[in-house]
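Below is one structure, written out as C-alpha cells, with a few remarks after it.
The values are calculated or read from the model by the stated rules, or taken from the named source; none is laboratory data. Predicted model, so just to flag it, every value in this text is computed and none were measured. Glycine also receives a Cβ, built like all others from the backbone with ideal geometry; neighbour counts cover every protein chain displayed.
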Amino acid sequence: MDSPKFSLNAFLLVFILFSALLFFVTVKVMDIADRTPVNSFTPIEGTELAVRYSSLEPNGICSGSENVNTLLLEGNFGTDWGAAAIGDRLYLNHYRTTDLGVLLSDVVCVDTDTFQETILLRNAVLRGRCASGELVCLGGVLLSANYPEENALCRLYSLTDGNLSNDGAKVFYLDPESGELLYELRDDMAGEDFETRFLSRTLAEVRG
Amino acid sequence: MKFGFENRKHRTGADLCVRILQIASLLPALYMLVVPGYPGIVTHRSVLSVLFDLGFSALPRLETLALSLLYRRTGSEIMMFFVLLIAALAFGLLSRRLLERFPRATRLVFAVLICVDFILRLLPLRVNTAFGLPCAAVGFAAQLGCLALIALDLKAATA
C-alpha cells in the first residue's frame, strides 16, 4: 500500500499562506524598526520654492521656510542632478519607486502659476544644462536604489525593454523655453563621463 | 478541489507532466528571490540556470518574460511573487480537474504542449542556448519520457 504523500498543490497553498504571513510580519517589523525621522528641505535655485522630503509629512514642492511651509504639489521630486527654473516653468525629476526598491525617474515640467505637472520624458533623468543652455537629459535610465550592479529586480524589470539600463541609453536635449525636444542621440554608455561629454559642451559641438 | 494528502497507486504520464510543469513554472521565483545579482539565469550559463534545462525549458523562460512585462506594468514585486505562486496552484488544480473530466483531450493537449516545447527549444534563439549539455540531455529525456507515458496512457485508454 502506498504511503500518503503531500500533494504539490497543498504545498503551494501552504507556501502562499505562509508567504503572505511572512510579508505581513516583515512589513510590520520594518515599520516598527524604521522610525528614524527624515526631514530634508532643498531650496530650488532661482525660485522661492523648495523640494521637501520628509518621513513625517507628505513630500513635494513647497513654498515658505524650512520650519513653516506650504505644500503646493505632492510627489517625490528631485533637484539633486539638476533643475531649471525658466519663467513660470520649473523642470525637475519626478521619482517613482516599485514596492521593494527599483527607482524610476521622469523628467517633468511644473507650471509655477497653476502647479500643473507635465511629463516630458519617461524613464529619464534631468542632468542639468549644457554650455549653450539647453536642458540635457539622460534617457532609458533605471536607478537601482540600493545595489546598483547587483539588483536582480532591475534586470528583471529591464528584461523586456532593451532601452532601459543603469547607464542610460539616450541623451536628449530640450529647449528650455518650450520644453520641446531639440536633439536626441543614442549612446549605450551615455551615463559615463556625462559632465565632460555633454554638459560642458554646446549642443552645436555635440551635433558637430 | 483536492488539496490534501494523496494516496494514489498509479501515477500517469499526464500527472507527471503536470508536476514537472508546475515545478518549472515556479523556477522564475529563483530569479526573483534566490539569485539576486545574477541575471544570467535566463541568458548565460550558471550553476542554477541548469534547472531551466531540467524542466520544460521554454516555459520558465517565457514566464520570466511575462513576469517582466507584469512588473513594468504594476511596479510591484510582491504582486509578481503571488501571481507566480497562484498561477502554479491554479494550473495544478485546473489540470487535475480536467484530467478527471476529460482525460483523453487533456492528455492530447499535454502531448501537443510537449511537442511545441521541443520545437521552441530547437529554434536557434539566444535564450535556447543550452546551459549544460548533460542537463539539456536529461531535460530532453524527461520530456520524451513524459511524452511516451502519455502516449501509453492514451493507448491503454483506447484499448
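Run down B:A141, B:A90, B:A105 and say which single residue is surrounded by fewer than 19 Cβ atoms within 10 Å (Cβ to Cβ), at pLDDT below 85, small (G, A, S) and over 27 Å from A:L142 (Cα atoms). Let's see the steps before the verdict.
Working: B:A90 fails: at pLDDT below 85; B:A105 fails: at pLDDT below 85.
Answer to the selection: B:A141.
Restricting to the stretch B:73-95, what's the tally of residues that are part of a helix (DSSP H, G or I) and polar (S, T, N, Q)?
Initially, the stretch B:73-95 is screened for residues part of a helix (DSSP H, G or I), giving B:73-74, B:77-95.
So of that shortlist, the ones also polar (S, T, N, Q) come out as B:74, B:95.
Residues flagged as part of a helix (DSSP H, G or I) and polar (S, T, N, Q) within the stretch B:73-95 amount to 2.
Which residue, of B:L98, B:L122, is on the phi < 0 side of the Ramachandran plot and either modelled with pLDDT of 75 or more or among the aromatic types (F, W, Y) (or both)?
Values: B:L122 fails: either modelled with pLDDT of 75 or more or among the aromatic types (F, W, Y) (or both).
After applying the criteria, what remains is B:L98.
Within the stretch A:74-86, is there a residue that is within 14 Å of chain B (Cβ to nearest Cβ) and assigned to a loop (DSSP other than H, G, I, E, B)? Talk me through it step by step, then tell me what you get.
Taking the stretch A:74-86 as the starting set, the residues that turn out to be within 14 Å of chain B (Cβ to nearest Cβ) are A:76.
Next, from what is left, pick out any that are assigned to a loop (DSSP other than H, G, I, E, B): A:76.
Yes, the conditions are met somewhere in the stretch A:74-86.
From the set of residues in the stretch A:155-167 that are touching an Asp or Glu at 6+ places or on another chain (Cβ under 8 Å) and in a loop (DSSP other than H, G, I, E, B), which is nearest to A:A204 (Cα to Cα)?
A:D167
Please find, among A:E117, A:E74, the residue that is under 27 Å from B:R73 (Cβ atoms), at pLDDT 85 or above and in contact with a Pro (Cβ under 6 Å, 6 or more places away or on another chain). Please lay out each step first, then the result.
Numbers: A:E117 fails: in contact with a Pro (Cβ under 6 Å, 6 or more places away or on another chain).
Being under 27 Å from B:R73 (Cβ atoms), at pLDDT 85 or above and in contact with a Pro (Cβ under 6 Å, 6 or more places away or on another chain) holds for just one of A:E117, A:E74, which is A:E74.
Looking only at the stretch A:120-142, decide whether some residue is modelled with pLDDT under 85 and over 17 Å from A:Y173 (Cα atoms).
So far as the stretch A:120-142 goes, yes, one or more of its residues are modelled with pLDDT under 85 and over 17 Å from A:Y173 (Cα atoms).
Restricting to the stretch A:164-178, name every residue that is modelled with pLDDT of 75 or more and within 14 Å of chain B (Cβ to nearest Cβ).
Once the filter is applied, which keeps residues that are modelled with pLDDT of 75 or more and within 14 Å of chain B (Cβ to nearest Cβ), the stretch A:164-178 yields only A:L164.
Which members of the stretch A:172-208 meet the condition of being of a type in the set (D, E, K, R) and in a loop (DSSP other than H, G, I, E, B)? Walk me through it before giving the result.
Going residue by residue through the stretch A:172-208, those that are of a type in the set (D, E, K, R) are A:175, A:177, A:180, A:184, A:186-188, A:192-193, A:195, A:197, A:201, A:205, A:207.
Listed by number, the residues that qualify are A:D175, A:E177, A:E180, A:D187, A:D188, A:E192, A:D193, A:R201.
Look through the stretch A:38-60, keep the residues that are β-branched (V, I, T) and under 17 Å from the mean Cα position of the chain (by Cα), and return whichever of them is surrounded by the fewest Cβ atoms within 10 Å (Cβ to Cβ). Even if it seems obvious, please write down each step before you answer.
Within the stretch A:38-60, the first condition is being β-branched (V, I, T), and the residues that meet it are A:38, A:42, A:44, A:47, A:51.
Of the ones still in play, those that are also under 17 Å from the mean Cα position of the chain (by Cα) are A:42, A:51.
Working: A:T42: 17, A:V51: 23.
Going through the qualifying residues, I end up with A:T42.
Which residues, counting only those in the stretch A:61-107, are farther than 15 Å from A:L126 by Cβ, β-branched (V, I, T) and under 16 Å from the mean Cα position of the chain (by Cα)?
Residues satisfying the conditions are A:T97, A:T98, A:V102.
Within the stretch B:26-38, count every residue that is surrounded by fewer than 22 Cβ atoms within 10 Å (Cβ to Cβ), at pLDDT below 75 and within 25 Å of B:I150 (Cβ to Cβ).
The first filter runs over the stretch B:26-38 and keeps only residues surrounded by fewer than 22 Cβ atoms within 10 Å (Cβ to Cβ), leaving B:26, B:29-30, B:32-38.
Restricting the remaining residues to those that are at pLDDT below 75 gives B:29-30, B:32-38.
Adding the requirement that they be within 25 Å of B:I150 (Cβ to Cβ) leaves none.
Qualifying residue count, the stretch B:26-38: 0.
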